[in-house]
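Only one structure is covered here, and it is reproduced in the block below.
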Amino acid sequence: MSLLKKPLIAVIVILLLAFGLGWLLLEKTGRTHTDTAGVAIPPAAATVPVTRSAINSTLTIAGEFLPWQEVELHGKVAGYIRQIRVDIGDRVRTGQTLAVLEVPELNAQAEGAAAGVRHSQDEIEHARNEVSRAEAAHATLHGAWERLHQASQARPGLIAQQELDDAEARDKTSEAQVDAARSALSATGQQLQMSEATRRQATALENYSHITAPFDGLVTWRYADTGALIQAGTSNASSQPVVKLAEVRTLRLRIPVPESAAAGVHIGDKAQVRVLATGQTFTASVSRFTGALDRSTRTMQVEFDIPNADYKLAPGMFADVIFNVQSHPQALTVPVTALRGRSSDGSATALVVGTGNRVEERAVQTGVEDASRVEIVSGLREGEQVISANLSAFRVGDTVHPQPSSVTPAPATGGDR
């Protein structure tokens, strides 16, 4: 090795030793620094007290507004559209006629059924007259038979037996004719009932040529125009609907609640709703939920009933729903920044400024958390000072100069529950 390299290596070794010695001295003295008089000053540490305050754990979920009920209206019978009286955006009332179909064969069926009813009514009238005639004839023949029988009993041999037998036969024949007339009247009555049933069926089918609104709502789509051929919805699964109708005076706000929060949802729970499209914010209550998780998404569907009498909200709009999953009114809390080494089971550590302003490390268990603060379940006492910033700059046993943090995050209130 040359003579020039040896002094250079010696200088580098001396510098490294000096740097290491300086670092060890700094660790030993607690990373203090001195003032102009040479007096050691502890480093400043931003601290906050462990205090009691209300804390809420919130969950924000995006939801969608859906109609209270929605239906596509089909024709019950096949026919051509003679009139369509509504268009998209029209508000309609229950029972209002939306479209009229042209079905000539149904009109003919209804007229034929009405004629059948009239014919059956005439047949009944004729059968009643036949019953009256048969009863009158029977009364005459029965009276004659009784008079002959009484005379024969009073004076035996006065009336020939042949004449008595003929009178009795005519009496029984007339009685049978009365029964036959009554049976014919009953059969005609049954025929009238069948004719009336046929007429009601034809009339009902004829009424289906008028497509009416089943509820108050809004026409959200129109599928057909005047003259279009509409197939019967009952006989053709791919038949085209005429219009789509939605009830929107009350909307359903549906959200998918994750499995972790599903058990905390109850009927009547309050939530804050922010509508992105309109900027509205209001409170709503849980109206219903499925009570079971969707296996594909691991979520439970929850619905809110939202009044919409002014029609400002529309189906398909999105909204943010803010739930208070948990609420503790008097919890020990510290800022989130005062903890380190946090794990999924809620364990963490905090740096506490203890006796003599020395730093202590304390294991803690956490609970409810909001955006800025976290609940301390165990490990800290109310009033203790914890370091809230730049935790990596301090070691256990360091002497520090505690300084109250200039900004203490206020506890979040969240929505009403």
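State, as an integer percentage, the relative contact order of the chain based on alpha-carbon contacts under 8 Å between residues 6 or more apart.
About 27 percent, as a whole number.
The chain: longest stretch without exposed chymotrypsin sites (Phe, Trp or Tyr not before Pro) (DSSP loop, at most 16 other Cβ within 10 Å), sites themselves excluded?
Working: sites that count: PHE215, TYR223, TYR311.
My reading of the result: 1-214 is the longest stretch.
Between MET194 and ALA363, with labels modelled 7 Å along Cα→Cβ, what's the label distance in nm to one decimal, could you check?
9.2
Using 1/(1 + (r/R0)^6) with R0 = 22 angstrom and r between the beta carbons of ASP90 and ASN207, what's the FRET efficiency to the nearest 0.05? Please report the intermediate quantities before stating the final value.
Values: r = 22 Å, r/R0 = 1.01.
Efficiency, from the Cβ-Cβ distance: 0.50.
In terms of Cα to Cα distance under 14 Å, which aspartates and glutamates are near enough to LYS270, apart from those fewer than 8 places away along the same chain?
Once the sequence-local aspartates and glutamates are set aside, what remains near LYS270 is GLU303, ASP305, ASP320, ASP416.
Counting other C-beta atoms within 10 Å, and keeping those with at most 12, which DSSP coil trypsin sites (Lys or Arg not before Pro) do you find in region 266-339?
ARG295, ARG298, LYS312
Taking every Cα atom in region 105-207, find the radius of gyration and the maximum pairwise distance Dmax, and write them in Å.
Just the Cα atoms of region 105-207 yield Rg and Dmax of 22.6, 75 Å.
At what distance in nm do the modelled label points of HIS126 and PHE318 sit from each other, each positioned 7 Å from its Cα along Cα→Cβ?
A separation of 7.6 nm, rounded to one decimal place.
SER183 versus ILE159, label points 7 Å from Cα toward the beta carbon: distance in nm?
Simple spin-label model gives 2.9 nm for this pair.
Considering only DSSP beta bridges with both partners in the chain, what is the antiparallel share in %, to the nearest 5?
Working: 82 of 87 bridges.
Taking every DSSP beta bridge within the chain, about 95 percent pair in antiparallel fashion.
For the chain, what is the convex hull (Cα atoms) projected area averaged across all directions, in square nanometres?
If I average the Cα hull's projected area over directions, I get 50.5 nm².
So which trypsin sites (Lys or Arg not before Pro) in region 81-142 are both in a DSSP loop and have at most 14 other Cβ atoms within 10 Å of their Cβ?
ARG85, ARG93
If R0 is 35 Å, what FRET efficiency do you get for THR51 and ARG298 from their C-beta distance, rounded to 0.05?
0.40
Bear in mind that the values in this text are calculations on the coordinates, not laboratory data. The structure displayed is predicted, hence computed values, not measured ones. Methodologically, a virtual Cβ is constructed for each residue, glycine included, from the backbone with ideal geometry; neighbour enumeration extends over all protein chains shown.
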